[in-house]
Structure formats: C-alpha cells, structure tokens
1. Quick one: would you say LYS50 is farther than 19 Å from LYS21 by Cβ and surrounded by fewer than 16 Cβ atoms within 10 Å (Cβ to Cβ)?
2. Consider ALA16 against the criteria (1) in a helix (DSSP H, G or I); (2) modelled with pLDDT of 95 or more: it satisfies all of them except one. Which criterion is unmet?
3. Select from the stretch 39-56 the residues that are without any contact (Cβ under 8 Å) to a residue 24 or more places away in the chain and touching a Leu at 6+ places or on another chain (Cβ under 9 Å) and list them in ascending order.
4. Regarding ALA92, is this residue within 16 Å of ligand 1 (Cβ to nearest atom), surrounded by 12 or more Cβ atoms within 10 Å (Cβ to Cβ), within 10 Å of the chain's Cα centre (by Cα) and under 19 Å from SER25 (Cα atoms)?
5. Can you confirm whether the stretch 66-87 contains a residue that is crowded, with 18+ Cβ neighbours inside 10 Å, charged (D, E, K, R) and modelled with pLDDT of 95 or more?
6. Cβ-Cβ distance below 7 Å, separation of 6 or more or different chains: which pairs start in the stretch 1-29 with a residue that is exposed (fewer than 10 other Cβ atoms within 10 Å of the Cβ) and end on one that is at pLDDT 75 or above?
7. Could you list, in sequence order, the residues of the stretch 42-54 that are of a type outside the set (A, V, I, L, M, F, W, C), within 15 Å of ligand 1 (Cβ to nearest atom) and under 15 Å from the mean Cα position of the chain (by Cα)?
Amino acid sequence: MASQWGKLRNLLRCMAKSKKKSRLSEDQLRRIFKAHDKNGDGCLDKEELKEAFRALGARVPGYRADYAIHYTDIDLDGVINENEIDHLVSYAIQFGYTLD
Ligand SMILES: [Ca+2]
Ligand SMILES: [Ca+2]
C-alpha cells in the first residue's frame with residue numbers, strides 16, 4: 001500500500017512539474033528563430049525553419065516549417081525575412097512552445 005502511495009505522489013509531482021513549464025515569450029521565440037539563421041543572411045529558409053522548430057520540440061518540424069512559410073512568407077520569396085519574423089513569431093506562439 002505504501003509503495004502505491006509513493007507512486008501516486010511521484011506521478012502528481014511530475015504533473016505539477018510539467019504544468020510549471022513556462023511558455024516561451026515572443027521575445028524568446030524571436031531569439032530562437034534568429035539564432036537559426038545559420039548562414040547569417042538575415043532570412044530563414046525552409047531548412048533553417050525546420051531546425052528552429054526541431055529545437056522548439058515540434059513533433060514534425062518539416063511540416064511546421066512548410067506551414068510557417070505558407071502563413072508568414074508575405075512577399076512569397078520562399079524565405080522569412082526580418083519583417084516577416086514578427087508574423088512568424090505570432091504564428092508560432094499559438095502552439096505554446098515551452099522550454100524544457
Ligand atoms: Ca538564412
Ligand atoms: Ca519572404
């Protein structure tokens with residue numbers, strides 16, 4: 001009986017911990033996206049976006065990257081530039097990414 005209680009307590013503790021995970025703020029998201037501009041051209045291409053979403057813990061980063069470009073590439077050049085990053089951040093924040 002005692003060990004059952006121990007297990008339950010551990011489970012509850014784990015749940016409490018996961019609830020406390022803080023959601024990333026817009027600033028943090030922006031910083032993470034910018035950090036993934038690997039070639040430093042000021043734009044995020046699909047591969048860089050994919051890596052960024054992978055870093056954020058997205059389960060299917062390639063799919064997320066496709067959608068992000070679809071929704072936030074305003075000038076349709078296939079990459080997310082400095083101005084479009086704002087749209088990207090507001091797009092990404094709805095998924096409630098957290099820091100592990
Ligand atoms: Ca780039
Ligand atoms: Ca663009």
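The values are calculated or read from the model by the stated rules, or taken from the named source; none is laboratory data. A quick note: this is a predicted structure, and the numbers were derived from the prediction, not measured. Because the Cβ atoms are built from the backbone with ideal geometry, glycine has one as well, and the counts that use them run over all protein chains shown.
1. Numbers: farther than 19 Å from LYS21 by Cβ: yes; surrounded by fewer than 16 Cβ atoms within 10 Å (Cβ to Cβ): no.
For LYS50, the condition - farther than 19 Å from LYS21 by Cβ and surrounded by fewer than 16 Cβ atoms within 10 Å (Cβ to Cβ) - is not met.
2. For ALA16, the failing item is (2).
3. ALA52 - this is the single residue of the stretch 39-56 that is without any contact (Cβ under 8 Å) to a residue 24 or more places away in the chain and touching a Leu at 6+ places or on another chain (Cβ under 9 Å).
4. Details: within 16 Å of ligand 1 (Cβ to nearest atom): no; surrounded by 12 or more Cβ atoms within 10 Å (Cβ to Cβ): yes; within 10 Å of the chain's Cα centre (by Cα): yes; under 19 Å from SER25 (Cα atoms): yes.
In short, no.
5. Yes; the residues of the stretch 66-87 include at least one that is crowded, with 18+ Cβ neighbours inside 10 Å, charged (D, E, K, R) and modelled with pLDDT of 95 or more.
6. As it stands, the answer is SER22/THR98; SER22/LEU99, since those pairs meet every condition given.
7. So in the stretch 42-54, the residues of a type outside the set (A, V, I, L, M, F, W, C) come out as 42, 45-48, 50-51, 54.
This time we only want the ones that are within 15 Å of ligand 1 (Cβ to nearest atom), so: 42, 45-48, 50-51.
Answer for the stretch 42-54, where residues must be of a type outside the set (A, V, I, L, M, F, W, C), within 15 Å of ligand 1 (Cβ to nearest atom) and under 15 Å from the mean Cα position of the chain (by Cα): LYS46, GLU47, GLU48, LYS50, GLU51.
Yes/no matrix, rows are residues, columns are (1) among the charged types (D, E, K, R); (2) at pLDDT 95 or above; (3) over 12 Å from the mean Cα position of the chain (by Cα):
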position: GLN4; (1), (2), (3): no, no, yes
position: SER22; (1), (2), (3): no, no, yes
position: GLY40; (1), (2), (3): no, yes, yes
position: LEU56; (1), (2), (3): no, yes, no
position: VAL60; (1), (2), (3): no, yes, no
